[in-house]
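Here's the structure we're looking at; comments come further down.
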Amino acid sequence: MINASLNQLGAALAAKKISSVELTQLYLNRIATHNPVYNAYLTVDAKTSLAQAAAADSLLSSGNAGPLTGIPIAQKDIFCAKGWRTTCGSKMLADFIAPYDAHVIEQFNRAGAINLGKTNMDEFAMGSSNETSYFGAVRNPWNQKAVPGGSSGGAASAVAARLCAAATGTDTGGSIRQPAALCGITGIKPTYGTVSRYGMIAFASSLDQAGPMAKSAEDCALMLNVMTGFDERDSTSLQREKEDYTRDLHLPLTGLRIGLPREFFTEGLSSDVGARVQEAIAEYRKLGATIVGISLPNTRLAVPVYYVLAPAEASSNLSRFDGVRYGHRADEYTDLADMYEKSRAQGFGEEVKRRIMIGTYVLSHGYYDAYYLQAQKIRRLIAQDFTDAFAHCDVIMGPTSPSTAFNLGEKGDDPVQMYLSDIYTIAVNLAGLPGMSIPCGFGASGTMPVGLQIIGNYFEEARMLNVAHQYQLATDWHTRAPQGL
Ligand code: GLN
């Protein structure tokens, strides 16, 4: 059961081979056993989840079930879920009980899915290893000394360790794709504006986008069907017709043009990851694809540009956590200013403070033109690079992450090294494009998963999922699970 696809779980529920209450209990038991090791979940509420499951069982009996009805899904703790503690991985929100549902949560509720619990994450989604969480690091199920990636590290670890059927994540600079790669699962960040950000705690609003993390592309397609949709409460939500993301899964790949950006295969890439990506490309040739050499000339500027723009937006978004409107309030203070200072000093961790400092600096009067405005211009050029590339290819492929999962503590005191973990993913957010990661083999002497990144043109999610699914029909990397589950 724990290795079953979402379609298989749906069929088992429909055929009454298992009830949603039983399935939810099975996962709750697994969480009780394994979560003390992985720390993938921050909050589990068995009573609420089981009540949702009982309601789903009634829906199933009455014949009103959808594809995800009764299926237990883990929610990243960045989504407000009514009545649930919602921490965003921060001390600031350690006791915050959300009074309303995020649009994503509403969509899952409407679909009759079960909220199995809230997953651990880097504080305010700032990080690439899940080590900035106030609630402690998450372990990678493939090697407990290794990080799961971040910021959706709890989600990735939970899917890989089979502690949920599927999970949600968010991706501002790589936080769905990089942990998916490091934990050997499949994840997709959709085109900016496809999934509503309403009720999703903001990090960098022009980059943040939610998406599914699951065992396969087919599962991601089913999740995306639920998560997407216009929502007037998010001013950047796009009013488009509802799509069925499973519609093209079966299509053959004959004639597909895959662009390989030369800038993705240079020094920074570790040789084991490079080799697995080349093998995946060879598999795609067998499936009928042709390979086109392309260039994304501004690739090297993506990380510096992101670390101007994302902190700038974060410094503004995080101003609401002042101990009055939201968040932790210091016990002792002398006056109002002191209360703000102490509350924020106590409530935020190191990385968040670093970003707020950078953000206020680049937005300050004397430096705005030199940094913020300049970064906005380069962001435009980075988006143009992709537009030019897509004139020659249908999808772009390359590594998701420059290396396999690194060890806990390994990059802790070197922020720049940590930031470079996202060198291949960040430009996709800056351009607002959809990107995904699928498992394509193992590196580090065959022990740790490697992710293949697939980047599509705007609104090409269905095609990307088709490209990923056909590979997953031809290979079995996505079915591999860590030992000892
Ligand atoms: N690792 C990047 C950062 O720390 C991206 C995080 C994300 O996508 N949320 O900002």
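The values are calculated or read from the model by the stated rules, or taken from the named source; none is laboratory data. Small disclaimer: the values here were computed from a predicted structure and weren't measured. Counting neighbours? That spans all protein chains shown, and the Cβs are built from the backbone with ideal geometry, glycine included.
Applying the criterion of being closer than 17 Å to Pro402 by Cβ and away from the ligand (no atom under 14 Å from the Cβ) to the residues of the stretch 178-197, the residue that is surrounded by the most Cβ atoms within 10 Å (Cβ to Cβ) is Cys183. For the stretch 353-372, taking the residues that are of a type in the set (Lys, Arg) and touching a residue at least 60 places away in the same chain (Cβ under 8 Å), the one that is farthest from the ligand (Cβ to nearest atom) is identified as Arg354. Looking across the stretch 198-213, just one residue is surrounded by fewer than 24 Cβ atoms within 10 Å (Cβ to Cβ), more than 14 Å from the ligand (Cβ to nearest atom) and at negative phi, and that is Tyr198. With respect to the stated conditions, Leu373 fails to be closer than 30 Å to Gly184 by Cβ and assigned to a helix (DSSP H, G or I). For the stretch 279-290, does any single residue satisfy the condition of being more than 30 Å from Thr447 (Cβ to Cβ), free of Cβ contacts under 8 Å to residues at least 60 places away in the same chain and surrounded by fewer than 20 Cβ atoms within 10 Å (Cβ to Cβ)? Checked the stretch 279-290: at least one residue is more than 30 Å from Thr447 (Cβ to Cβ), free of Cβ contacts under 8 Å to residues at least 60 places away in the same chain and surrounded by fewer than 20 Cβ atoms within 10 Å (Cβ to Cβ).
For the stretch 121-177, a residue qualifies if it is surrounded by fewer than 24 Cβ atoms within 10 Å (Cβ to Cβ) and either of a type in the set (A, V, I, L, M) or within 9 Å of the ligand (Cβ to nearest atom) (or both), and the qualifying residues are Ala137, Ala146.
On the basis of being assigned to a loop (DSSP other than H, G, I, E, B), at pLDDT 95 or above and farther than 30 Å from Asn429 by Cα, does Tyr333 make the cut? For Tyr333, the condition - assigned to a loop (DSSP other than H, G, I, E, B), at pLDDT 95 or above and farther than 30 Å from Asn429 by Cα - is met.
Leu296 fulfils the conditions (1) part of a helix (DSSP H, G or I); (2) more than 16 Å from the ligand (Cβ to nearest atom); (3) buried (at least 21 other Cβ atoms within 10 Å of the Cβ) except for a single criterion, (1).
You will find that of Gly10, Gly63, Gly112, Gly83, the residue that is small (Gly, Ala, Ser), touching a residue at least 40 places away in the same chain (Cβ under 8 Å) and in a loop (DSSP other than H, G, I, E, B) is Gly112 and no other.
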